[in-house]
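Report on the following structure.
No value in this document is a laboratory result; all are computed from the given coordinates. Computed from a predicted model, the values in this text were never measured in an experiment. Reconstructed Cβ throughout: ideal geometry from the backbone, glycine too, with neighbour counts over all protein chains shown.
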Amino acid sequence: MRLAQLWGRKGAAIAHEKESSGLAFEALAPPALLYFPVQQHQGAAAVPVVKKGDPVLVGSLLARPEGPVSAPVHSSVSGKVKAIEPVLHPWGIWSPAIIVENDGENRMAELPAGVKDPTQLSPEEIHQRVLDAGIVGMGGAMFPAAVKLAARGRIDTVIVNACECEPVLTCDHRTLLERTDALLYGMRAVRHALGAERVVLAIEANKGDAIRLYRELAKVYGYFEVRELPARYPYGAERVLVPEVTGRVIAPGKFPDSVGVVVHNAATIAAIADALREGLPLIRRPLTVAGGAVKRCANMIVPIGTPIAHVLSAVGLKEKPRELVMGGPMMGITVASDAVPVIKGTSGILARTEAELHHFRESACLRCGRCVDTCPAGLMPTQLARLSSRGRFDEAEKLGVTECMECGLCSYRCPADLPLTQLIRMGKREVLKKARAKRGA
């Protein structure tokens, strides 16, 4: 059996709870104050180019990128800069942020001219426009999209990741259905920018309406194909998705471009289309609002910088949430306050009740091997968790702790109810922290 086939058997069929998939997008009006952290991407934080009291317009540059792996930040409203100060970031850190007071006038900045046909632009021009627009991976990873577009000459396959394997989240599904023109344009643009031979739109089987729609469109346009994948978590993860679609396995420590593949989330592709067709930077994003504490679920288009509290006020609350999660229930991040702003990687907001929480009731490891069998990265979660809990980070690094994608399946499948993912995440952070310190020495 090929290694790719073995990887394809990893993961688990879990309850997806996609009831909100039939809910069309609502455009959320921005609040009076918006908060723009300068860290909304992987890599170096952006550097503010405005100061207190400066006027801003919709699309105005607030912070410029710093270094080769970084992304600019733009205003999603018009108004003025009220302050630049640390705010609570979704990652649980205090991050410098540009606070903008919304004047409600929605005055637009002068934006680059849109291009009807992306092939009229050179690959270099597309790369620069995507960089200037501040587009990052909108599935949650927030890796700058322009960096992936710089891989021209090494890429033969582009995978558009529309799996949306996280339970509850449906905003990618709605993007497929409601932003068809943007998806078609964006796929063509990325194909041209990378010189790729093949574009594959990967969709999980629980999105039958989208699969049927794009298969018909593929017959008409011909520059992409549709791949239906099982509704199995975490098929949307690159290390599972790439082998499943192409048969190529990504080596530890490497990225998809090492095997000639680039992966972009469906919403990222639509954002690239917005940047090229309309000159719009990434100033708003689609997300799903759900959880037992909300009066109604929703799919929304939300201005970047909007506090969670403003989003929740639009759907209403049945009770005070016991927990707030940014993202999905498997890989999402618990945030400490509803004052935390929506950032570029916020794919969902879950307001959960006490009944929805999982309280670990640990017992001794049964050595059953379920965590090993289900791990998409082929790791030994119990070993990594044990080493991390004991501070033996060097040993955990040798066993591949940095390869963990933090999908949460090991904890989900553990009959001893051990917090494996949390412990491994801690070990991974410590190893990466040590590596950064060593590079800076």
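Numbers at a glance
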{"read-out": "DSSP loop chymotrypsin sites (Phe, Trp or Tyr not before Pro) with at most 13 other Cβ within 10 Å: longest gap in the chain", "value": "1-222"}
{"read-out": "Bridge type composition, the chain - antiparallel percent by DSSP, nearest 5", "value": "60"}
{"read-out": "Charge dipole of the chain about the Cα centre (unit charges at C-beta), most positive-ward option of A377, G79, Y235", "value": "A377"}
{"read-out": "Computed magnitude of the charge dipole of segment 376-429 (debye, nearest 20; Cβ of K, R +1, Cβ of D, E -1)", "value": "100"}
{"read-out": "Estimated Rh, segment 116-277: Kirkwood, alpha-carbon pairs, angstrom", "value": "15.5"}
{"read-out": "Qualifying aspartates and glutamates (Cα of each under 18 Å from Cα of K254; at least 8 residues distant if same chain)", "value": "D156, E238, E244, E397, E403, E406"}
{"read-out": "Square roots of five times the Cα gyration tensor eigenvalues for the chain, Å", "value": "32, 27, 23"}
{"read-out": "Relative contact order, percent, segment 116-277 [alpha-carbon distance under 8 Å, six or more residues apart]", "value": "34"}
{"read-out": "Within segment 156-263, GluC sites (Glu not before Pro) in DSSP loop having at most 11 other beta-carbon neighbours inside 10 Å", "value": "E197"}
{"read-out": "Exposure proxy ranking, count of Cβ atoms within 10 Å, fewest first, for K82, K116, K295", "value": "K116, K295, K82"}
{"read-out": "Given charges at Cβ of Lys, Arg, Asp, Glu: segment 10-61 dipole, positive-most of A13, F25, G43", "value": "G43"}
{"read-out": "DSSP bridge orientation in segment 116-277 - percent antiparallel, rounded to nearest 5", "value": "5"}
{"read-out": "Across K148/K438; K52/K438; K148/K219; K207/K398; K52/K295, pairs whose alpha-carbon gap is larger than 32 Å", "value": "K52/K438; K207/K398; K52/K295"}
